[in-house]
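Each reported figure results from applying straightforward, stated rules to the coordinates on display, with no laboratory input. Predicted, not measured: the structure shown is a model, and the values here were computed from it. Note that each Cβ is placed from the backbone with ideal geometry, even for glycine, and that neighbours are counted across all protein chains shown.
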Amino acid sequence: MHAVDPEGRRRVVAVQAGDRRIWVKRPERLTLRLRLQKGSSDKSFAREAVALHELSGRGLPVAELVAATPGLLAVADCGEPLRTILRDPARPADERARAARAGGAALAALHGAGVAHGRPDLRDICWDGSRATLIDFERYTPGPASVALMRTDLVIMVFAAVVALGPDAPELAALCAGYRRAAPPEPWQAAARLARGLARVAPLLRLLAPLDGKRGEIAAVAPTLRVLIDPPADGATDGSADGTADRLADPPPDASGNPRSGCAGAPAAITKP
Ligand SMILES: Nc1ncnc2c1ncn2[C@@H]1O[C@H](COP(=O)(O)OP(=O)(O)O)[C@@H](O)[C@H]1O
Ligand SMILES: [Mg+2]
């Protein structure tokens with residue numbers, strides 16, 4: 001499913017250029033109401049071009065920018081979005097798990113370099129059979145990212161995965177493990193702290209259940225918090241899951257109840273919120 005503008009034109013389309021598949025994207029044409037809600041689409045469009053240019057120049061797993069003008073972005077094909085792959089029963093389970101681990105690791109690579117994506121939905125993480133790549137940087141904030149921004153990325157990715165796959169899916173466990181194995185520990189620790197705080201009020205969400213639409217987003221909140229507090233074990237058969245949980249566990253609180261310096265050993269690229 002691709003976004004369409006108010007006239008019903010597809011805003012993002014794939015075109016074949018010789019033997020290359022290229023995705024061509026135009027700025028969103030927003031109605032006044034959406035413009036007020038979402039801000040200028042021209043700005044976020046320009047932000048995406050700058051992000052792709054800068055981040056691929058740093059060797060990070062982002063889509064290759066082929067061309068950019070104020071009205072058009074052309075981006076190399078990165079395969080299929082995880083949201084499609086991880087829900088495809090026709091694919092072998094181990095292939096789905098591999099894609100999920102690689103997707104988690106791709107976001108981890110960004111975070112390790114001190115970069116936040118802005119909204120890593122499962123539609124914005126692609127897998128081409130050997131490499132996972134992030135696309136759609138319209139919500140990227142330039143400059144070194146705070147732990148809070150990376151925490152937001154993580155909460156968005158895990159929430160999207162719980163909505164799309166369900167809390168018990170092995171692909172969700174693989175996605176989390178792929179992230180945790182390769183990421184600096186601070187964003188997950190911060191997300192787990194946030195989730196522990198929110199878990200206290202989560203029972204109130206039952207009151208909102210009648211408002212839950214077809215996508216089941218309200219029902220996904222409590223399972224998302226549980227995954228962030230107690231990440232599911234990855235069924236990796238290659239031994240790569242070993243030790244992840246211990247290494248990334250939140251440090252025990254000190255006598256004052258504050259977590260012990262969770263940021264010791266943080267990569268220099270990470271800035272505090
Ligand atoms: N480089 C790409 N490689 C593969 N698929 C892509 C690529 N760019 C866009 N797509 C497809 O088009 C969809 C929408 O593109 P995206 O850049 O995420 O725009 P939007 O702002 O509408 O979410 C993606 O979810 C994906 O399915
Ligand atoms: Mg998108």
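Remarks
- Between Ala202 and Val15, the contour length at 0.36 nm per residue exceeds the alpha carbon distance by 62.8 nm.
- Contour excess over end-to-end distance, with Cα ends at Ala74 and Asp94 and 0.36 nm allotted per residue: 4.0 nm
- Relative frequency of Cα-Cα separations exceeding 13 Å in region 12-76, percent: 65 percent
- Overall form of region 80-248 per C-alpha gyration tensor (a/c, 1.5; a/b vs b/c): rounded
- Karplus-derived HN-Hα couplings along region 71-80 (A = 6.51, B = -1.76, C = 1.60, θ = phi - 60°), whole Hz, x at Gly and Pro: x, 7, 10, 10, 10, 5, 5, 10, x, 9
- Most to least packed among 128-136, 177-185 [average Cβ atoms within 10 Å]: 177-185, 128-136
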